[in-house]
Amino acid sequence: MKTSQLSTEKFQYRSVLGCLLLSVLLYGCAGSDRVVQTTRQGGINIDPSMQLSLGDIFGDPSAIDIVNDDLVTMALQYSTQWDSLAHIGAYFDANDDGVAEPLFYNGYAGDFTAHGVRALGIENVAMTCVQGRGVVVDLFSAYGTSGTLVDYDGLMSVFEQQRVVVSAGDILCLYTGFGDALMSAGKTPLAESVESSYSTLKGSDARLLQWITDSGLAAICADNGAVENKPEGHKSGTAHCAPGGTFLPLHQHCLFKLGIPLGELWYFKDLAETLRKAGRNRFLLTAPPLRLPGAVGAPVMPVGTI
């Protein structure tokens, strides 16, 4: 792979938006094939990373006001969230000098704390508004709790059964059923074996990765923890891969090579059921993450309009 293959010619040099530019340029009307031109303005909020006052203290005890404020500390990628393009990089010999260096999408260089990585932060995703046509693929009805690793043939089979059509700029939404199990469990932690009993995309399938490239998807999101299958031993730190290989090939392909953001731990049960009853799988998705400059991911509250 040459340096030029780190990004695609359809995007501007040194772009930090990746394939979300397709969603910005193409607006899919929910449930139809019609594409119209529109104008969207993302990021009309104050940057929450700014150092603002934590609250007001008025001081007069004679007032009748009762005022409450909250402070929260949380992991940004613990629940429903987007991965930014700064989430996954790779060691790559961009200069053809025999020395692999840490790089991220579109050739941005550096380690976790470097400016080059932080330039790809989640605020870029937030500023696009992330609004476009979502397409739900119901893997749960097709594979249930069989733990199937869905390769290209398996995905195309479901597409045919459910009459799924994916167009450039669409956001692919994979309903596996794992999100249902999480919601049913409440605050009780699930055993690792529970997640592995639900289907995931087979990240190592070359034909599947090539389809992702050719499809022109703007983003992919799923109701599981990684969209693709995780390597055995990932929880205990005993996972292995071949020298020069990758633990998460679909992440490498989407985030590092193509600039396709990934959404994880979403909840599609109600949306999928409503669309199924309507005989549809397309809808209007609005899903901007929190605008947190430099963060590699952030929570999101997706909204589906049917």
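Just so it is clear, none of the values below were taken in a lab; they were calculated from the coordinates. Being a predicted model, the structure only gives us computed values, none of them experimental. Note that each Cβ is placed from the backbone with ideal geometry, even for glycine, and that neighbours are counted across all protein chains shown.
Would you report the distance distribution of C-alpha pairs in the stretch 53-198 as whole percents per 10 angstrom bin, up to the bin with the largest distance?
8, 21, 25, 26, 12, 6, 2, 0
Ranked highest first by average number of other Cβ atoms within 10 Å, how do 221-230, 145-154, 165-174 line up?
Working: 221-230: 23.4, 145-154: 16.0, 165-174: 21.5.
Highest mean packing first, the order is 221-230, 165-174, 145-154.
Name the shape class, rounded, prolate or oblate, that the alpha-carbon gyration tensor gives for the stretch 210-283, where a ≥ b ≥ c are the square roots of its eigenvalues, rounded holds for a/c under 1.5, and otherwise prolate holds if a/b is larger than b/c and oblate otherwise. Don't skip to the answer; put the middle values down first.
Numbers: a/c = 3.35, a/b = 1.65, b/c = 2.03.
Oblate, because a/c is 1.5 or more while a/b does not exceed b/c.
Rounded, prolate or oblate: which fits the stretch 177-251 when a ≥ b ≥ c are the square roots of the eigenvalues of the alpha-carbon gyration tensor, with rounded for a/c under 1.5 and prolate only if a/b beats b/c?
oblate
When the Cα centres of the stretch 290-306 and the stretch 79-113 are compared, how far apart do they sit, in Å?
Cα centroid to Cα centroid, the span is 22 Å.
Stokes-Einstein D for the stretch 153-282 at 20 °C, 1.002 mPa s, Kirkwood Rh over Cα pairs, in µm²/s?
135 µm²/s
Normalise the Debye intensity by I(0) for the stretch 171-216, one equal point scatterer per Cα, no solvent, then take log10 at q = 0.14, 0.18, 0.32 Å⁻¹ and round to two decimals.
Here the Debye-derived log intensity ratios amount to -0.49, -0.69, -1.18.
Please give the net charge around Val136, taking every other residue with its beta carbon less than 9 angstrom from that of Val136, where Lys and Arg add +1 and Asp and Glu add -1.
Details: positive: Arg276, Arg280, Arg282; negative: Asp138.
Once all neighbours under 9 Å are counted, the net charge is +2.
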